[in-house]
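The structure appears right after this line, and notes come after that.
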Amino acid sequence: MKIAITGTTQGLGQHLKQVFEQHGHKVLEFNRSNGYDIKQPQRIVDEAQDCDLFINNAYDGYGQVDLLYSLVDCWEKQNNKFIINIGSEQTRRWSNHHGNTIVPFDWREGQRAVNYRTHKLSLTEATHYLYQMTTWPQLMLVDIGMLDTQPAGYWSKHRTSRQPIRCEDAAETIYKLFDSRDMHFVSELVLRPLVWLNK
């Protein structure tokens, strides 16, 4: 199969590229380093027209949302086309064992973090809307928290009770879900960090 992935030069995107190629798929890479900009999506969409799966991974403001809408417009009503949007656990809320609402977001990180959460919330809302409005392409949202892309010691300093997710593990999980064809039945996947066992 032919797979398009944005943001493959490092982190999750790099591992997604590796795992799909290891399983025999052809991967098209769309990165700034090879001349692509998700904020100018039309060139990416044009070159990804014959792909079977598009992984909307690269983050740049509202660029993921613009790219998603452009891609859905191009792929509308084309059977067996799939789009995976890489969101963030920071857009989620859940209750702890005391019944308190938890938002996995550290406001001390400042304006940049606030902007990031806002942009990812927009991607979540766009995915939900388009999922209800379209049959094909099929859409999936993967919300991931605390990937191990930060410098050594970052997470232990900022969030001592949670263990970051390894990029290779997240990439393998996404691949297995796609390969199993469970994307026909699953619209959202949340990958949450584990609690440190020694805490």
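The values are calculated or read from the model by the stated rules, or taken from the named source; none is laboratory data. Nothing here was measured: the structure is a model prediction, and the numbers come from that model. Heads up, the Cβs are rebuilt from the backbone with ideal geometry, glycines too, and the neighbour counts pull from every protein chain shown.
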Residue selected from segment 20-29 under the condition of a type outside the set (D, E) and not in a strand (DSSP E or B), by the criterion surrounded by the most Cβ atoms within 10 Å (Cβ to Cβ): F20
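Looking for whichever is surrounded by 20 or more Cβ atoms within 10 Å (Cβ to Cβ) and either of a type in the set (D, E, K, R) or in a helix (DSSP H, G or I) (or both) here; the options are K77, K17. Which one fits? First the steps, then the outcome.
Values: K77 fails: surrounded by 20 or more Cβ atoms within 10 Å (Cβ to Cβ).
None of the others qualify; the one that does is K17.
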Output yes when any residue across segment 51-74 is on the phi > 0 side of the Ramachandran plot and not acidic (D, E), and no when none is. yes
If R32 meets every condition in (1) buried (at least 17 other Cβ atoms within 10 Å of the Cβ); (2) under 18 Å from the mean Cα position of the chain (by Cα) apart from one, which number is that one? (1)
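Can you name the helices (runs of 4 or more DSSP H) wholly within segment 101-199 that have at least 3 residues being closer than 20 Å to I55 by Cβ and at pLDDT 65 or above? Outline the logic, then answer.
Details: elements: 111-133, 154-158, 167-179.
Passing ranges, in order: 111-133, 167-179.
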